[in-house]
Amino acid sequence: MAHLKVPKDRIGAIIGPKGETKKLIEEKSSSELDIDSENGTVEIIEGDDPLGSLKAGEVVKAISRGFNPEKALALFDDDMLMLDVIDLSHEASTPKELIRLKGRIIGKGGKTREIAESLIGVKISIYGKTVSVLGTPDQNRIIHTAIEMLVEGANHGTVYSFLEKKHRELLQSQLDYYES
């Protein structure tokens, strides 16, 4: 059994229209979700599949960190997919600084996030004081580094070059894998 604290404004997304998202999570995980919308907690009651319950927790966490439920539910379908949550509150000393950092990560008109998602093949959500990434361990490591670069003040062009280089490396490693 797991207890998760989630932002109250994300409870509706976890439940979904007519309870559809909650029902889908329960079906795919063989768990039961006990949602308390008053205090923002979700209790995951383990069914007959312990791994399914763990995945249910990750899906709930992903939705609570701003992901569209459809994107979060992909965690059930791909064993390599992982959620990585990066807390920016340690990097920003003021609310204004936090907004600036999130703006650097998103980029003008969402350009930086879009480039990172398309080159590395991940999904990124920026919500509250966190940046969350859905990707494989290798993809998440690359994005984590790119976000650190942006937070530390690296030029966007430098970060784009880094992402393009890592994109080529990922493609090459996939080619090598299929050729062997």
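Miscellaneous remarks
- Linear extension gain, Asp79 paired with Lys111, 0.36 nm per residue minus alpha-carbon span: 8.6 nm
- Linear extension gain, Asn39 paired with Leu175, 0.36 nm per residue minus alpha-carbon span: 44.1 nm
- Length-normalised contact order for the chain - Cα pairs under 8 Å, 6+ apart - percent: 17 percent
- At full extension, Glu32 and Tyr127 could sit 31.6 nm farther apart than now, given 0.36 nm per residue minus the alpha carbon distance.
- Peptide ranges 123-133, 38-48 listed from the most packed, as the mean C-beta count within 10 angstrom indicates: 123-133, 38-48
- For region 95-180, with +1 on Lys and Arg beta carbons and -1 on Asp and Glu, the positive-most of Ile120, Gly153, Ser180 along the dipole: Gly153
- Region 2-77: relative contact order in percent, alpha carbon pairs under 8 Å with at least 6 residues between: 34 percent
- Interchain or long-range residues, amide H under 5 Å from Asp49's placed H: none
- Dipole moment magnitude, nearest 20 debye, the chain about Cα centre, only Lys, Arg, Asp, Glu C-beta charged: 1080 debye
- Each residue of region 152-164 is assigned a 3J(HN,Hα), and the resulting list reads 7, x, 4, 4, 4, x, 4, 5, 4, 4, 4, 5, 5 Hz, derived from the Karplus form 6.51 cos²θ - 1.76 cosθ + 1.60 (θ = phi - 60°), x at Gly and Pro.
- Which of Met1, Val42, Gly103, positive extreme of dipole for the chain (C-beta unit charges): Gly103
Each value in this text was obtained by applying a stated rule to the coordinates, not by laboratory testing. Not measured: the values here are computed from a predicted model. Cβ sites come from the backbone with ideal geometry, for glycine too, and all protein chains shown count toward neighbours.
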